[in-house]
Amino acid sequence: MNTLVCSAPTQLAYEHRPAPTLRPGDALLRIRRIGICGTDLHAFEGTQPFFSYPRVLGHELAGEIVDPGDATDFQLGEAVTFIPYFGCGTCIACRRGLPNCCVQMQVCGVHLDGGMTELLAVPAAALVHGNGLSFDELALVEPLAIGAHGVRRAVVQPGEFVLVVGAGPIGLGVMEFARIAGAHVIALDLNQQRLDFCRSALGVAHTINAADADVTEQLRHITHGDMPTVVIDATGSLRAINNAFQYLAHGGRFVLVGLQKGDISFSHPEFHKREATLMSSRNATRADFEHVLHAMHQGLVKPATYITHRVPFGQAKDAFASWLDPNTGVIKAMIEAG
C-alpha cells in the first residue's frame with residue numbers, strides 16, 4: 001500500500017509498505033480523509049515535542065471499515081472515525097477515567113504511525129460511529145474534540161468572557177464550544193485574515209489583533225473593565241502563552257491547549273494576587289467526541305466551513321510545505337484518500 005512517510009524534518013516521501021496484519025482487538029480501516037493538524041505541521045518543520053522520526057503522520061482521520069475484527073457493533077463498509085489516543089488502561093490516569101493523559105500515552109501519528117496511508121489497523125475499542133456524517137465531517141471530529149475538552153477543563157459558564165489565543169483550527173474549535181457553553185468569545189491572533197474568518201464564518205463578535213499596542217485596553221473595554229475570566233491558549237507559542245497571563249481576570253482560569261517546548265515564565269505576585277488557576281488540556285475523551293458529534297447533528301457546528309485547502313493523497317507531499325505559510329490563507333487542509 002502507498003504510504004507517505006516523514007523521514008526527518010522537512011522530508012516527506014511515498015513508500016510502498018505491506019498492508020497491516022489484523023491483530024486480536026483491532027479493526028481495519030481504509031482511510032478516506034486526513035485532516036492536517038498543527039501537530040503534523042510542527043512535526044514536518046521539526047518543532048513538535050515528544051516526536052521521533054521516521055513517522056507516518058495523520059491522526060485527524062475518517063475511513064470505512066474493511067474488517068471490523070472484534071468490533072461486533074460496527075458493520076463492513078461503515079463510515080467511522082476513531083479516538084487516536086491509545087492509553088495503557090492500567091496507569092493512575094487510566095484507572096481514574098483519564099485515558100487522554102495516560103502515563104504511557106501512544107498517539108496515532110505522533111508516537112505510532114498514523115493515517116497517511118491506504119489501510120490502518122486501530123483498536124476496535126477506539127472506533128466511533130459516523131451516524132450519517134460525511135467523511136469530511138468525521139475527519140474534523142478529533143480537532144473539535146480537542147477544543148471541546150479545553151472548554152470542559154475550564155468549566156466555562158454562560159455569560160463569561162472567554163479569550164481564545166490563536167485562531168487556527170484548534171482555536172476555532174475552542175471558540176465554537178465556548179460559544180455553545182454560553183460564553184462571550186474573544187479571539188486574539190496576529191493573522192488578520194484568520195480574525196476576519198472568525199467574524200464571518202463563526203460569528204465571533206470580538207476579535208483583537210495581537211500586534212495592536214492596546215490589547216489590554218481593548219480587553220478591558222470588551223469586558224466592561226473586568227478582563228476575561230477564562231483564557232485559553234491554542235497557539236503553542238511561548239511568547240503568546242507568557243503574554244496572556246496579563247489578560248486574566250482576578251479569580252480566572254488559564255488553560256493551555258497548545259503545546260510548546262520551552263519553559264513558561266510569569267510573575268508569581270501577579271498570578272498569586274489573582275488567585276488564578278493554571279491547567280493544561282491534553283487530547284480529548286470519548287465524552288468530548290460524543291459532544292462534538294451531537295453538536296454536528298444539531299447543526300451547532302459546521303466544520304466543513306473550515307476546509308480551505310484540499311488535495312488528493314498523491315499530491316500531499318508537494319503541497320505540505322505550503323500549508324506552513326500563513327500567506328496561503330490555510331485554515332484546514334484536507335487530504336482525500338482511498
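What to note about this one:
- Taking amide H as placed 1.01 Å from N in the peptide plane, the amide H of Thr277 sits under 5 Å from that of Gly252, Arg253, Phe254, each at least 5 places away or on another chain.
- Simple point charges give the picture: +1 on the Cβ of Lys and Arg, -1 on the Cβ of Asp and Glu, and for the chain a dipole about the Cα centre of about 480 debye.
- Over the Cα atoms of the range 139-218, the radius of gyration divided by the Kirkwood radius equals 0.96; this is the Rg/Rh ratio.
- Note on Lys273: lysines with a C-alpha under 29 Å away, same-chain residues under 8 apart excluded, are Lys261.
- With contributions of -39500 (n - 2.57) from each DSSP H run of at least four residues, the per-residue ellipticity at 222 nm computed over the chain stands at -7500 deg cm²/dmol.
- 18 Å Cα-Cα reach of Lys317 towards aspartates and glutamates, excluding residues that sit fewer than 8 places from it in its own chain: Glu15, Asp40, Glu45, Glu60, Asp113, Glu118, Asp325, Glu336
- For the chain, built as a Gaussian network whose Cα springs stay under 10 Å, the top-fluctuating residue of Pro303, Pro18, Pro158: Pro18
- Average accessible surface for the range 14-88: 43 Å² per residue, computed with a 1.4 Å probe over protein heavy atoms with every protein chain in place.
- Accessible surface calculations at 1.4 Å, restricted to protein heavy atoms, place the range 255-313 at 56 Å² per residue.
- Per atom type, the range 46-98 shows carbon and sulfur on 52% of its accessible surface, probed at 1.4 Å.
- Whole-Hz ³J(HN,Hα) from phi, Karplus 6.51 cos²θ - 1.76 cosθ + 1.60, for the range 223-240, glycine and proline x: 9, 6, x, 8, 6, x, 7, 10, 10, 10, 8, 10, 9, x, 9, 4, 5, 5
- Phe266 sits among other residues whose Cβ lies under 14 Å from its own Cβ, and their net charge, with Lys and Arg +1 and Asp and Glu -1, is 0.
- When only alpha carbons of the chain are considered, Rg and Dmax amount to 19.8, 61 Å.
- Counting only lysines at least 8 places from Lys302 when in the same chain, those with an alpha carbon closer than 20 Å to its own are Lys332.
- Cα-based helix-to-principal-axis angle, 169-180 vs the chain, degrees rounded to 10: 60 degrees
- Counting only Cβ charges, +1 for Lys and Arg and -1 for Asp and Glu, the dipole size of the range 238-297 around its Cα centre is about 100 debye.
- Principal-axis tilt of helix 286-297 within the chain, Cα atoms, nearest 10 degrees: 90 degrees
- Ranked by how many other beta carbons lie within 10 Å on average, peptides 182-192, 95-105 from highest: 182-192, 95-105
- Between helix 141-154 and the chain there is an angle of about 40 degrees, using the helix long axis and the longest principal axis of the Cα atoms.
- Rg/Rh, computed from the Cα trace of the range 191-254 with Rh as the Kirkwood radius, has the value 0.95.
- Average accessible surface for the range 117-186: 27 Å² per residue, computed with a 1.4 Å probe over protein heavy atoms with every protein chain in place.
- Computed from backbone phi with θ = phi - 60° and the Karplus coefficients 6.51, -1.76 and 1.60, the 3J(HN,Hα) list for the range 193-204 is 4, 5, 5, 5, 4, 4, 6, 6, 9, 10, x, 6 Hz; x is used for glycine and proline.
- Gaussian network model of the chain, Cα within-10 Å springs - most flexible of Ala316, Ala178, Ala148: Ala316
- Between Gln11 and Asp196, the simple spin-label model (points 7 angstrom out along Cα→Cβ) gives 4.0 nm.
The values are calculated or read from the model by the stated rules, or taken from the named source; none is laboratory data. Keep in mind that what you see is a predicted model, and the values were worked out from it rather than measured. All Cβ positions, glycine included, derive from the backbone under ideal geometry; neighbour counts span all protein chains shown. Each accessible area value is taken on the protein alone, full model and side chains, heavy atoms only, with ligands, DNA and RNA left out. Shrake-Rupley method; radii C 1.70, N 1.55, O 1.52, S 1.80 Å.
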